[in-house]
């Protein structure tokens with residue numbers, strides 16, 4: 001498989017993609033090729049033009065919240081969700097092989113990762129946090145510059161990818177730090193799991209009293225458990241919104257019934273994917 005990811009090799013998306021590929025391919029991880037992309041739009045473009053077989057994208061972090069751009073791309077690009085996975089996010093203090101923690105003065109990482117490791121910086125007041133564009137990119141930066149006063153916060157995969165060493169493992173504040181990832185493919189190539197128990201969709205409603213209530217009532221009337229709702233502004237239409245919903249299903253018929261009912265109350269409806277939920281056991 002060729003799998004596109006957003007960010008550098010060694011990112012959490014890379015770590016998730018390797019483990020996802022292993023879980024679905026029934027062969028070694030080495031048979032998959034990761035294709036890193038600088039921006040998320042390129043990840044989706046490569047699926048649409050069949051440059052890759054699939055992509056792995058983060059959609060939500062349990063602490064930082066949703067990845068808004070990815071919701072918009074799922075809606076506007078011809079792709080579908082095939083699987084959902086949870087990755088336990090473990091932040092590590094990483095430096096070049098000969099660097100000791102006593103010499104560290106600056107730590108580079110993505111702003112979200114730095115914010116999730118505040119306790120480490122409180123315990124080491126002489127070490128300064130330096131925002132960087134990417135967690136894995138920060139590891140590559142400190143290794144390539146050879147600066148013995150710098151380190152990075154990133155995944156274990158990043159340390160392996162760039163020949164660095166982990167000075168301290170699990171420096172995140174909250175161990176209940178998970179990211180939901182989607183495995184996505186072009187719509188015509190999505191392989192629907194017969195054990196699918198979850199659906200993601202997007203819909204819009206008219207801007208009038210009761211329109212959103214009527215749409216949401218559909219889920220209750222059909223006995224469906226809605227597990228998430230997210231709203232995003234519609235590009236080019238100020239103060240209009242698209243609603244993203246995840247809900248559980250017990251059968252194909254129940255998913256079809258929801259879609260049919262929503263079409264009668266909503267302006268637009270797009271099913272983003274039917275897939276097997278990740279459950280409570282994360283990968284990694």
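The values are calculated or read from the model by the stated rules, or taken from the named source; none is laboratory data. Remember, predicted model here, so these are calculated numbers, not experimental data. Neighbour counts run over all protein chains shown; Cβ positions are idealised from the backbone, glycine included.
The table that follows gives values for the structure above.
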read-out	value
Residue match in segment 59-75 (condition: out of contact with any strand residue (DSSP E or B) (no Cβ under 7 Å at 6 or more places or on another chain), crowded, with 18+ Cβ neighbours inside 10 Å and modelled with pLDDT under 95)	no
Matching entry among 99, 112 (being outside any strand (DSSP E or B) and within 30 Å of residue 22 (Cβ to Cβ))	112
Failed item in (1) at pLDDT 95 or above; (2) closer than 25 Å to residue 59 by Cβ, with residue 119 passing the rest	(2)
Matching strands (runs of 3 or more DSSP E) fully within segment 132-215 where at least 1 residues are farther than 25 Å from residue 226 by Cβ	150-154, 165-168, 178-186
Condition broken by residue 111, with the remaining ones in (1) touching a residue at least 24 places away in the same chain (Cβ under 8 Å); (2) assigned by TED's automatic domain parsing to the domain that holds residue 150 satisfied	(1)
Flag if residue 22 is over 28 Å from residue 202 (Cα atoms), buried (at least 16 other Cβ atoms within 10 Å of the Cβ) and free of Cβ contacts under 8 Å to residues at least 24 places away in the same chain	yes
Residues of segment 217-241 that turn out to be assigned to a helix (DSSP H, G or I) and either surrounded by fewer than 17 Cβ atoms within 10 Å (Cβ to Cβ) or in contact (Cβ under 8 Å) with a residue 60 or more places away in the chain (or both), as a count	3
Selected residue (criterion: nearest to residue 210 (Cα to Cα)) from residues of segment 253-280 that are out of contact with any strand residue (DSSP E or B) (no Cβ under 8 Å at 6 or more places or on another chain) and outside any loop (DSSP other than H, G, I, E, B)	261
Any chance residue 47 is out of contact with any helix residue (DSSP H, G or I) (no Cβ under 7 Å at 6 or more places or on another chain), within 18 Å of residue 191 (Cα to Cα) and touching a residue at least 60 places away in the same chain (Cβ under 8 Å)	yes
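Condition check ((1) under 15 Å from the mean Cα position of the chain (by Cα); (2) assigned to a strand (DSSP E or B); (3) in the same structural domain as residue 202 (by TED's automatic domain parsing)) across all residues:
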site	(1), (2), (3)
13	yes, no, no
19	yes, no, no
24	no, no, no
35	no, yes, no
44	yes, no, no
55	yes, yes, no
60	yes, yes, no
